[in-house]
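In what follows, a structure is listed as structure tokens, so that the remarks can point back to it.
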Amino acid sequence: MLGLRLPTDPRWTALVNSDLSEVLTDHAWCEQKAASNAISLIVKHSELSELVEALTRIAQEEMAHFGLVLEKIKARGFTLGPERKDSYVNELVQFMRKEGSREERLVDRLLFAAMIEARSCERFKLLSERVGDEDLRAFYRDLMASEADHYTTFLGFARKYGGRVDVDRRWKDWLEHEAGMMERYGREATMHG
């Protein structure tokens with residue numbers, strides 16, 4: 001369903017199991033950044049009412065997820081650490097079109113968000129199956145459905161507002177680029193590391 005070209009190396013979950021505090025802190029900040037990204041899209045494209053409504057829901061859900069992750073952190077006696085640099089996301093940003101029409105830039109911003117949601121969904125599935133903490137397995141199983149919904153929402157709006165952009169071709173470009181990136185990731189106890 002997600003179309004990802006290179007799956008996460010299953011050994012990544014061993015790293016997560018060895019440092020739950022790190023992955024939970026990183027996950028919390030990922031949720032906050034996802035909410036911020038949705039809000040930024042609202043600000044830049046406020047004239048697109050349907051998009052604004054969907055992104056408002058997504059921003060609210062992402063902040064609710066931030067709160068849920070904070071609860072998991074607290075329940076384990078951990079504290080929320082400082083915000084983490086996300087090399088994966090920063091590398092994806094570099095692939096995003098900075099030039100071109102407003103339409104092309106919007107499509108790329110939506111595909112950027114869809115890509116992050118797709119990879120997060122895939123990672124949540126792995127965690128729901130392989131993390132040692134039973135409560136976290138159930139937690140990530142529940143979040144997986146939400147990430148899949150966000151992924152399809154962003155991809156759907158890219159197609160809706162794509163106009164003259166060949167969105168399917170551009171999505172294939174994103175998938176190929178991300179697969180090349182993933183050869184270097186999966187070596188840290190972070191959501192995208």
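None of the figures in this text is laboratory data; all of them are computed from the coordinates on show. For clarity, every value in this text was computed on a predicted model and none was experimentally measured. All Cβ positions, even for glycine, are placed from backbone atoms using ideal geometry, and neighbour counts span all protein chains on display.
A few comments on the model shown:
- For the chain, the mean residue ellipticity at 222 nm estimated from helices alone is -25000 deg cm²/dmol, where every DSSP H run of n ≥ 4 contributes -39500 (n - 2.57) and the total is divided by all residues, rounded to the nearest 500.
- The range 156-193: GluC sites (Glu not before Pro) in DSSP loop, at most 10 other beta carbons within 10 Å: Glu183
- Gaussian network model of the chain, Cα within-10 Å springs - most flexible of Ala145, Ala28, Ala113: Ala145
- Modelled label reach - Glu71, point 7 Å along Cα→Cβ, the range 117-154 residues with backbone N closer than 12 Å: 139
- Near Met96: Cβ cut-off under 9 Å, other residues only, Lys/Arg at +1 and Asp/Glu at -1. The net charge is +3.
- Kyte-Doolittle at least 0.0, axis length at least 15 Å by Cα - qualifying DSSP helices, the chain: 20-44, 49-75
- Pairwise label distance in nanometres, Ile39 with Asp166, each label 7 Å out on the Cα-Cβ vector: 3.8 nm
- Per-residue Cβ neighbour rank within 10 angstrom, fewest leading, Leu127, Leu155: Leu155, Leu127
- Taking trypsin sites (Lys or Arg not before Pro) across the range 129-193, the ones in a DSSP loop with at most 15 further Cβ atoms lying within 10 angstrom of their Cβ are Arg164, Arg184, Arg187.
- What the Cβ-Cβ distance of Arg102 and Gln60 gives, at R0 = 25 Å and to the nearest 0.05, is a FRET efficiency of 0.45.
- 11 Å reach of a label modelled at Glu47, 7 Å along Cα-to-Cβ, counting backbone N of the range 152-166: none
- Here the spin labels are modelled as points 7 Å beyond Cα on the Cα-Cβ line, and at Ala138 and Gln32 they lie 2.8 nm apart.
- Counted by neighbouring Cβ atoms within 10 Å, the residues Ile73, Ile58 run from fewest to most as Ile73, Ile58.
- Averaging the sequence gap over all C-alpha pairs within less than 8 Å and six or more residues apart, then dividing by the number of residues, gives the chain a relative contact order of 34 percent.
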